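A.B. asks: Okay, handing you the structure first.
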Amino acid sequence: MNKDFSSALRPAIVMTLLFAALLGLGYPLAMTGIGQALFPVQANGSLVRDTTGRVIGSSVVGQAFTADRYFQTRPSAAGKGYDGLASSGSNLGPTSKALIERVSGDVSKQRAEGVNGPLPADLVTASGSGLDPDLSPAAASVQAPRIARVRGVSVDAVRKLVEGQTETSVLGDPTVNILALNRALDKLAPAPR
């Protein structure tokens, strides 16, 4: 082996191993430690627990609520619905027959549940990730008559609950986290089984 080649090869191997250890182990461990120290709730998935400590969901990942007694989330394009391993948009364009059929089905479902008037778009269209936990206040409010009827409370009480759970950010539109809203709904009027 050429002496010049072997003298050049050794530093290359040492630097490769050094940077593999530094960037493959050191940096990820440091970022994990900083995340756990400064933002432990977010670093662990923003988990939501019930009164017994059992995990019931995450405040940043949507889940399907299908029972009439709950506010329902927007449709999910992630796998079979809110599958974090299949998170992505559907890639269906506005002229896609599959998208038109799915949205038409969701509109028919909302109409069958008694939603009248214009439907907020987020009630019948999926988000880009398919995992969005939030709805617009309008999309939550149009569900109020159904929930009031099933739970035996006034529509006004349900709409006030939506208003109370609405969060406004500096850069975005107002939103309502559906898991938090449904938990508040259970406190307002326990759900019939």
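The values are calculated or read from the model by the stated rules, or taken from the named source; none is laboratory data. From a predicted model like this one, the values you see are computed outputs, not experimental measurements. Neighbour counts run over all protein chains shown; Cβ positions are idealised from the backbone, glycine included. Only protein heavy atoms, including side chains, enter the accessible area calculation; ligands, DNA and RNA are left aside. Shrake-Rupley method; radii C 1.70, N 1.55, O 1.52, S 1.80 Å.
A.B. asks: Please pick out the residue among G105, G114, G79 that is modelled with pLDDT under 90, in a loop (DSSP other than H, G, I, E, B), farther than 20 Å from G57 by Cβ and not aliphatic (A, V, I, L, M).
C.D. replies: Within the list G105, G114, G79, the selection yields G114.
A.B. asks: Considering only the stretch 131-144, state which residues are open to solvent by 30 Å² or more (accessible area, probe 1.4 Å) and among the aliphatic types (A, V, I, L, M).
C.D. replies: Passing the criteria: A138, V142.
Quick grid of which residues meet (1) at positive phi; (2) surrounded by 10 or more Cβ atoms within 10 Å (Cβ to Cβ); (3) assigned to a loop (DSSP other than H, G, I, E, B):
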residue: F5; (1), (2), (3): no, no, no
residue: M15; (1), (2), (3): no, yes, no
residue: G26; (1), (2), (3): no, yes, no
residue: G33; (1), (2), (3): no, yes, no
residue: A37; (1), (2), (3): no, no, no
residue: V60; (1), (2), (3): no, yes, yes
residue: T73; (1), (2), (3): no, yes, yes
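A.B. asks: D186 versus (1) closer than 19 Å to A64 by Cα; (2) modelled with pLDDT of 95 or more: which is the lone unmet condition?
C.D. replies: (2)
Okay, residues lined up against (1) surrounded by 17 or more Cβ atoms within 10 Å (Cβ to Cβ); (2) under 27 Å from K187 (Cα atoms); (3) in contact with a helix residue (DSSP H, G or I) (Cβ under 9 Å, 6 or more places away or on another chain); (4) of a type in the set (V, I, T):
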{"site": "G84", "(1), (2), (3), (4)": "no, no, no, no"}
{"site": "T95", "(1), (2), (3), (4)": "no, no, no, yes"}
{"site": "G105", "(1), (2), (3), (4)": "no, no, no, no"}
{"site": "G117", "(1), (2), (3), (4)": "no, no, no, no"}
{"site": "A121", "(1), (2), (3), (4)": "no, no, yes, no"}
{"site": "S129", "(1), (2), (3), (4)": "no, no, no, no"}
{"site": "I147", "(1), (2), (3), (4)": "yes, yes, yes, yes"}
{"site": "V155", "(1), (2), (3), (4)": "no, yes, yes, yes"}
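A.B. asks: Which of the residues spanning the stretch 110-152 are under 20 Å from T175 (Cβ atoms) and among the small types (G, A, S)?
C.D. replies: Selection gives A121, A126, S127, G128, S129, G130, S136, A138, A139, A140, S141, A144.
A.B. asks: Another one. Do we find that F65 is exposed (fewer than 14 other Cβ atoms within 10 Å of the Cβ) and within 21 Å of the chain's Cα centre (by Cα) in this structure?
C.D. replies: It is false that F65 is exposed (fewer than 14 other Cβ atoms within 10 Å of the Cβ) and within 21 Å of the chain's Cα centre (by Cα).
A.B. asks: Go through the stretch 84-118 and report how many residues are closer than 18 Å to T66 by Cα and touching a residue at least 12 places away in the same chain (Cβ under 8 Å).
C.D. replies: The number of residues fulfilling the criteria is 8.
A.B. asks: Within the stretch 128-142, which residues are over 19 Å from A180 (Cα atoms) and either assigned to a helix (DSSP H, G or I) or among the hydroxyl-bearing types (S, T, Y) (or both)?
C.D. replies: S129
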